[in-house]
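Heads up: the structure comes next, in structure tokens.
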Amino acid sequence: MTTRKPQFVYVTYIQTTPEKVWAALQEPEMTKQYWGMHKNVSDWKVGSSWTHQDYETGEVHLEGKVLEAEPPKKLVVSWGSPAGGPPSKVTFLIEPFMNAVRLTVMHDELAEDGKMLESISQGWPAILSSLKSLLETGQPLAMTTRRWAGR
């Protein structure tokens, strides 16, 4: 009998296009606005590395590999700390839905100690709400425009 590792799933609907969501997940000038002064850096090709870096200092806070990339529909990355430990996996599904976009973020293969699940359960809703606000209104949530520890 196998045990299931914890996972986190978040779904939001955004009044935009799949192409704009895809770009917002990757473009440093966009991520800096809604992801706590961080940028995601990669060429976004399968097998390539990606890093989540402080926008100003370049310090790497997360890293991984691009596991799948189907622009503008699906992006799957491994997600880990530069300090080590087993990586988890994040899947972004971007689907047209009734003249909007349904963005589903699945973060799974989490360590069973619950620390990452606790962290992302606070982080993902705020970051994705700010992404939605940015794409729909041109303004992210103010709390995500500065370095942020999720509290």
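Points worth noting:
- Taking the range 110-133 as the range and being crowded, with 16+ Cβ neighbours inside 10 Å and either part of a loop (DSSP other than H, G, I, E, B) or touching a helix residue (DSSP H, G or I) at 6+ places or on another chain (Cβ under 8 Å) (or both) as the test, the residues that pass are L110, A126, I127, S130, L131, S133.
- Residue in the range 88-107 that is among the basic types (K, R), surrounded by fewer than 16 Cβ atoms within 10 Å (Cβ to Cβ) and over 13 Å from the mean Cα position of the chain (by Cα) present: no
- Selection from the range 6-25 of residues that are open to solvent by less than 50 Å² (accessible area, probe 1.4 Å), in contact with a strand residue (DSSP E or B) (Cβ under 7 Å, 6 or more places away or on another chain) and either farther than 24 Å from L110 by Cα or at pLDDT 95 or above (or both): T12, I14, T16, P18, V21, W22, L25
- Taken together, the criteria place K39 among residues that are touching a Pro at 6+ places or on another chain (Cβ under 7 Å), in contact (Cβ under 8 Å) with a residue 12 or more places away in the chain, open to solvent by 30 Å² or more (accessible area, probe 1.4 Å) and not acidic (D, E).
- The set of residues in the range 134-150 that are in a helix (DSSP H, G or I), among the polar types (S, T, N, Q) and over 15 Å from the mean Cα position of the chain (by Cα) comprises T137, T145.
- Only listed residue being open to solvent by less than 20 Å² (accessible area, probe 1.4 Å) and either farther than 19 Å from F8 by Cα or in a strand (DSSP E or B) (or both), chosen from L67, L75, L62: L75
The values are calculated or read from the model by the stated rules, or taken from the named source; none is laboratory data. Model, not experiment: these values are computed from the prediction. Heads up, the Cβs are rebuilt from the backbone with ideal geometry, glycines too, and the neighbour counts pull from every protein chain shown. Heavy atoms of the whole protein, side chains included, go into the accessibility calculation; ligands, DNA and RNA do not. Shrake-Rupley method; radii C 1.70, N 1.55, O 1.52, S 1.80 Å.
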